[in-house]
1. Which distance in Å, rounded to a whole number, links the C-alpha centroids of the stretch 192-236 and the stretch 1-59?
2. In nm², what is the average projected area of the convex hull enclosing the Cα atoms of the stretch 80-208?
3. Classify the stretch 167-297: rounded, prolate or oblate, from the alpha-carbon gyration tensor (a ≥ b ≥ c, eigenvalue square roots; a/c under 1.5 rounded; otherwise prolate if a/b is larger than b/c)?
4. Work the Kirkwood hydrodynamic radius out for the stretch 232-289: mean of 1/r over every pair of different alpha-carbon atoms, inverted, in Å.
5. If R0 is 35 Å, what FRET efficiency do you get for Glu292 and Asp198 from their C-beta distance, rounded to 0.05?
6. Give me the percent relative contact order of the chain, please, defined on Cα pairs under 8 angstrom at least 6 residues apart.
7. Can you compute the helix-only [θ] at 222 nm over the chain? Use -39500 (n - 2.57) per DSSP H run of at least 4 residues, normalise by all residues, nearest 500 deg cm²/dmol.
8. Once Lys and Arg get +1 and Asp and Glu get -1 on their Cβ, which of Ala58, Ala163, Asn73 lies farthest toward the positive end of the dipole of the chain?
Amino acid sequence: MIPERLIKGDTIGLIAPSSPVLKEDLETINNSIMLMESAGFNIKFAPNALSNKLGYSATAKQKAEDINYMFQNNEIKAIFCISGGFNSNSTFDYLDYDVIKYHPKIICGFSDSTSLLNAIYAKTGLVTFHGPTFKALTSWQTKYGYEEVIKRFVEGGLSLGQADDEYVIIKEGKAKGILVGGNLSLVNEMVCGKYSIDFTDKILFLEELFVETPPELVSNYFYYMKQNGVFDKIKGIWLGNYDGAVSIEKILLDTLDGEYNLPIIKSNNFGHIDKKTVIPIGTMAKIDTDQENKIELLEDCVK
């Protein structure tokens, strides 16, 4: 199930499902508002988007109510998470998945939003989008994220990234599968449980923030995935940014230990960096290390 694309005049809704919006972020958020308004869009905050009732965020029910409200509100055509942080998973039990399913629309974010995006896809079949948070549209000294948002959501473009992006082959091969993934630590939390990701026949994309996740913890996450059969189920792996003292691809290869025949590529266009291509969770893609485009989408992700 894919959402409708954005057109000029549409209204974009803003939610804060993770950590609270900080005062020092308001200027950047306002810059993003001005950027999107200049592109012809209207902006609307969810009722609790700026709440910090608990001292570390709005309540789980408040955050879930905002998400449900944004999906049910016909005025809203796309939803952006304002920023990342922690605890978007607290909303899961309070989301109205029927409302989301019957009012499909674009929802975009990254980092902690990984949990929310994958849960919504798992429960409803709605394609969700791992891309810039609303704040990130102007928090970096580049328009890369904004350009990717326009390309994916307005133009319906299918390319993953831009011409000067770098792709590295870690392990040769070919694979087709539906894209799932995002932030490694959050994907790791969804290996098992009520809101687990179905990894069967998927292409798994992963990035991680090195400041919070040293190499030994990355290794821990990969071994947890290995021990729970993730690498037995997936078709291929696409790695994004990780700036730790040891590269994420080395840690992954150490974990796999030659036991799996999976194509693996790495690129510099998603993660906690300035480049954030918009990756549709739930869309069929292909990895082919023999081709110039190492990974490409095989179907539309907006209509």
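1. 29 Å
2. Working: hull surface 36.1 nm².
One quarter of the hull surface, i.e. the mean projection, equals 9.0 nm².
3. Working: a/c = 1.26, a/b = 1.11, b/c = 1.14.
Rounded, since a/c falls under 1.5.
4. Working: mean 1/r = 0.0772 Å⁻¹.
Hydrodynamic radius (Kirkwood, Cα pairs) of the stretch 232-289 is 13.0 Å.
5. Details: r = 31 Å, r/R0 = 0.88.
Taking R0 as 35 Å, the efficiency between Glu292 and Asp198 is 0.70.
6. Working: 678 pairs, mean separation 61.9, N = 303.
With pairs under 8 Å counted, the relative contact order is 20 percent.
7. Numbers: 9 runs with 82 residues, N = 303.
It comes out at -7500 deg cm²/dmol, rounded to the nearest 500.
8. Asn73
Coordinate-derived values only; no laboratory data. Nothing here was measured: the structure is a model prediction, and the numbers come from that model. FYI the Cβ positions are ideal-geometry reconstructions off the backbone, even for glycines, and counts take in every protein chain you see.
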